[in-house]
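Undergrad: Sharing a structure, written as structure tokens. Questions coming.
The values are calculated or read from the model by the stated rules, or taken from the named source; none is laboratory data. Since we're looking at a predicted model, the values are computed, not measured. Quick reminder, even Gly has a Cβ in these numbers, built from the backbone with ideal geometry, and neighbours come from all protein chains shown. To get the accessible areas, we keep the full protein, side chains included, count just its heavy atoms, and leave off ligands, DNA and RNA. Shrake-Rupley method; radii C 1.70, N 1.55, O 1.52, S 1.80 Å.
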Amino acid sequence: MSNAIQSEREAKRTLARLLPRVEEKFKPQIENDAQGWQEFKMRLEKHFAPLFRLHLELYGDRYDYFFHAEDLLTSLAHAWFDRPADLRELDRQRERDPLWFQSHTMLGGVCYVDLFAGSLEGLRAKIPYFKELGLTYLHIMPFYDSPAGENDGGYAVSDYRKVAPSLGTMEQLASLARELRQAGISLAADLVFNHTSDEHAWAQKARAGDEEYQDYYRIFPDRSLPDLYERNLREIFPDEHPGAFSPLSLKGRGAGDEGCYWVWTTFHKYQWDLNYDNPAVFNRMVEEMLFLANQGVEVIRLDAVAFIWKEIGTNCENLPKAHTLIRAFNAAARIAAPSLIFKSEAIVHPDDVVKYIDPEECQISYNPLLMALLWNSLATRKVRLLSKALAERFQIHPQTAWVNYVRVHDDIGWTFSDEDAAVLGINPSDHRNFLNEFYRGRFPGSFARGLPFQENPKTGDCRISGTCASLAGLEKALTEEGPEQVEFAIRRILLIHGVILTAGGIPLLYLGDEIGTLNDYSYREDPAHQNDSRWVHRPKADWDRYAKRNDPSTIEGRVFQGLQDLIRLRKSHHAFSCGPLKVIPTGSDHVLGFLREGAEERIAVLANFSESPQTISAEALGAGGEWERLYGRSVPEAGKGWRVEALDFLALRQRVRV
């Protein structure tokens, strides 16, 4: 008998044994919502087998496995009975249209609640602006209760079910989600599931000596095991603490004495890594995920996916069971909140990024490679690495989508493939050093004004902070140069946004970039932020500047109206939906070319990353008829093809006969 058949049989047998026990627990709810229970049972019978297989793979060697399996089923049933009627209807809609997120009309935005609008109520008041911009997807950065002072921008969660009091309440979050949905905008939020803050109730109980909750984390009584692990681990934030462990004092396990222990802290010392070897941790985090879904969150960003599973003797990144774990979360969602989709955040080697993208794992994923190579192409004025990546690494499962972006809340890491660089004769280490120097404004001729983040004194390596506009040259042009360089900076901003809006996937705007927001150096005066340069690109929204967005004589208006034109271009053409992208060899090292095809048209994109015009031959675009310009300032040259102006984004259409 094959393993698959055996697994299916065991899943059916297990469900048949456990379901009556669950039904007994929920007898009153079933009597009050018989139709809802039948709907839940239908999904349970459809999806329990994959959930059981994954859960068994993770925890099947435990003596108390079936206790935890029943506990998980109980959690799923609780979440379903708590699920509001309008979200149950959304579940049905999304099951009928599971690829809703692949539409060419999709446009995402991301912001911090407090910095953009002050509070959840303030954000609700901005819904008309989101509609004006064209958003169909809004990702709000972590809004949970978190420690005062340093909290990694909210990624140190003290309570998954409590909104930070300064931002509002969980009831206001649910109301915001509902109003956004009515406006055609899906709410996205983070599930920070690799770690909690050291102020979380679980961590406090562990610190107080509760052995059950000490097993929720990876806590060690001495350095013997941490030292073994650290032989293979890389340091994430070497400025703060070396290695991956932090000392803490807590009551000993059974000894009753205070003692010095070590807790796994991949990122910051106040962020304790959860122990997913413990099935209770998985079950409780499923509950937190479903609670968030029941507030109306439709897209969950899974934070730090690469680090969630640990095994001694490995680097504890991108391990096979990390994928098993995420798939188990996904299978649980199919049962109790099937409209929910996952977005992976894996800023790792491109070969590892794509492993998280699958309908049964993360349906959508950040595209850090495209982001990094757009900035690389601006710095080098060459598109070789970018063209190679689009040709060889852009295609993913047809039922998934990239989330393409230029900037987000985080730093820029140069995550291109060393192997790809070597093929093109590029020394990857030297090239990363060049990019860091260029975007810090220290390389001769650089237009950028960025800051180093987490510079490693041992290796000299760092990552880059800065807003899109400051990195693209607008800050330097306004303060040190003049109108010509201001124009070039605005063209760079529109150029790279043009690529993410047309390449295929969900384009994501870091709100503030649409009006050319510059670096905010005032973070240096805030003790909670002064050691984290990423706050330079996390300024408070300046609504006086937003008020200028429709005035084409202002910087804000030139950037905003330029982006609006690009957004209209995207939303007007089905060819920009998710689907194949074909790279066009343009014959120029400076011009990126790719082709997108729809049922009735072919659209060629030509993006010139240099400050000099480039001529692209008619032969490069191929035969098949005349090309008409949809967007761009460039014009055809008689008998030669197209003269692509400096830093121009050119979109050409060729109609297809049906």
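Undergrad: For the chain, what's the radius of gyration and Dmax over Cα atoms, in angstrom?
TA: 25.6, 87
Undergrad: By average Cβ neighbour count within 10 Å, what is the ranking of 648-657, 446-455, 521-530 from highest down?
TA: Working: 648-657: 19.2, 446-455: 21.3, 521-530: 12.8.
Per-residue mean Cβ counts within 10 Å order the peptides as 446-455, 648-657, 521-530.
Undergrad: From Cα pairs below 8 angstrom and at least 6 apart in sequence, can you work out the relative contact order of segment 1-150, rounded to a whole percent?
TA: 19 percent
Undergrad: Assign one of three labels to segment 553-599, namely rounded, prolate or oblate, based on the Cα gyration tensor with a ≥ b ≥ c the square roots of its eigenvalues; rounded applies when a/c is under 1.5, prolate when it is not and a/b is larger than b/c, and oblate otherwise.
TA: Working: a/c = 4.33, a/b = 1.42, b/c = 3.05.
Cα axes put segment 553-599 in the oblate bin.
Undergrad: If you average the C-alpha positions of segment 552-566 and of segment 584-649 separately, how far apart do those two centres end up, in angstrom?
TA: Segment 552-566 and segment 584-649 have Cα centres spaced 23 Å from each other.
Undergrad: Sequence gap at least 6, Cα distance under 8 Å: using those rules, report the relative contact order of the chain to the nearest whole percent.
TA: 11 percent
Undergrad: Another question, if that's okay. For segment 525-580, just say rounded, prolate or oblate: build the C-alpha gyration tensor, square-root its eigenvalues into a ≥ b ≥ c, call rounded for a/c under 1.5, and beyond that prolate if a/b exceeds b/c, oblate if not.
TA: Cα axes put segment 525-580 in the oblate bin.
Undergrad: With everything on Cα atoms, drop me the angle between helix 170-182 and the longest principal axis of the chain, reported from 0 to 90° to the nearest 10.
TA: The helix 170-182 is inclined about 50 degrees to the chain.
Undergrad: Please report the carbon-and-sulfur percent of the accessible area for the chain; probe 1.4 Å, protein heavy atoms only, DNA, RNA and ligands left out.
TA: 49 percent
Undergrad: Among 500-507, 85-92, 61-68, how do they line up by average Cβ neighbours within 10 Å per residue, starting with the highest?
TA: Going by the mean number of other Cβ atoms within 10 Å, highest first, we get 500-507, 85-92, 61-68.
Undergrad: Moving on to the next point. Any chance you could check the Cα centroid distance between segment 470-505 and segment 12-74 for me, in angstrom?
TA: If you average the Cα positions of each part, the centres end up 54 Å apart.
Undergrad: Return the whole-Å distance between the Cα centroid of segment 119-184 and the Cα centroid of segment 531-548.
TA: Here the answer is 17 Å between Cα centres.
Undergrad: Shifting gears a bit: For segment 49-58, what does the Karplus curve 6.51 cos²θ - 1.76 cosθ + 1.60, with θ = phi - 60°, yield as ³J(HN,Hα) per residue in whole Hz, taken in order and with x for Gly and Pro?
TA: Going residue by residue, I get 4, x, 5, 4, 4, 5, 5, 5, 4, 6 Hz, with x marking Gly and Pro.
Undergrad: OK, next. Could you run the Karplus curve 6.51 cos²θ - 1.76 cosθ + 1.60 with θ = phi - 60° over segment 219-236 and give me ³J(HN,Hα) per residue in whole Hz, x for Gly and Pro?
TA: So the Karplus estimates, Gly and Pro as x, are 10, 10, x, 7, 8, 4, 6, x, 5, 5, 4, 6, 4, 10, 8, 9, 8, 8 Hz.
Undergrad: Now, a different point. Please give the calculated 222 nm ellipticity per residue for the chain, where each DSSP H segment of at least 4 residues contributes -39500 (n - 2.57) and the sum is spread over every residue; nearest 500 deg cm²/dmol?
TA: Calculated from helices alone, the mean residue ellipticity at 222 nm is -12000 deg cm²/dmol.
Undergrad: Listed here are the pairs K388/K571; K321/K355; K126/K540; K12/K46; which of them are more than 18 Å apart at the Cα?
TA: On the way: K388/K571 27 Å; K321/K355 12 Å; K126/K540 15 Å; K12/K46 10 Å.
Violating the 18 Å Cα-Cα cut-off are K388/K571.
Undergrad: Further, regarding this structure: Quick check on the chain: of the DSSP beta bridges with both residues there, what percent are antiparallel, nearest 5%?
TA: Once the DSSP bridges in the chain are tallied, antiparallel ones form about 60 percent.
Undergrad: Here is a follow-up. Per residue, how many Å² of accessible area does the chain show with a 1.4 Å probe? Write down the numbers at each step before the final one.
TA: Details: 25520 Å² over 658 residues.
About 39 Å² of surface per residue is accessible.
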